[in-house]
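Asker: Below: one structure in structure tokens.
The values are calculated or read from the model by the stated rules, or taken from the named source; none is laboratory data. Predicted model only: the values in this text are computed from it and were never measured. All Cβ positions, even for glycine, are placed from backbone atoms using ideal geometry, and neighbour counts span all protein chains on display.
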Amino acid sequence: MDDKRSYPRVNAGSKLKYRVVDDAGPDVTAAGLATNISGGGISFTADTRMPDGTLLALQLALPGFPSDVIALARIVWQRKNPDRGFDIGCEFHWVGWESSLAQQKVAEFIRDKLDA
């Protein structure tokens, strides 16, 4: 696969919750496992297939962060996972939490993972 990503991705291995927030998708609130994250998006495993383009609200618990990261993201790809459900790739539209340092913390998390 030719990697044309704008942002480096790092393995996350973190629990997340998601909820469909647009009328086009199914009414789903569920949990998944983030497999990797970047400044531009996230991929995770989920039990349910959802249409490409579905808008999701995400709540992500990242190690070392003072509170959960919340994000608004759109599904851009998905494929059947041989071990469990589906792998889903999303593009971030907004990332934050109560603190205004959200983007900085995400960047630091990714930088630390890349330097390790």
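Asker: Would you point out the residue of region 89-108, among those that are at pLDDT 70 or above and among the aromatic types (F, W, Y), that is surrounded by the most Cβ atoms within 10 Å (Cβ to Cβ)?
Answerer: Among residues in region 89-108 that are at pLDDT 70 or above and among the aromatic types (F, W, Y), the one surrounded by the most Cβ atoms within 10 Å (Cβ to Cβ) is F92.
Asker: Okay, moving on. Does region 21-35 include one or more residues that are among the hydroxyl-bearing types (S, T, Y), more than 27 Å from D112 (Cα to Cα) and modelled with pLDDT of 85 or more?
Answerer: Within region 21-35, none of the residues are among the hydroxyl-bearing types (S, T, Y), more than 27 Å from D112 (Cα to Cα) and modelled with pLDDT of 85 or more.
Asker: Could I ask something else about it? For region 66-84, what are the residues that are of a type in the set (D, E) and either part of a strand (DSSP E or B) or surrounded by 13 or more Cβ atoms within 10 Å (Cβ to Cβ) (or both)?
Answerer: The answer is D68, and nothing else.
Asker: Still on this structure, please answer the following. Out of everything in region 58-77 that is modelled with pLDDT under 90 and of a type in the set (G, A, S), what residue ends up being farthest from E91 (Cα to Cα)?
Answerer: Here the answer is G64.
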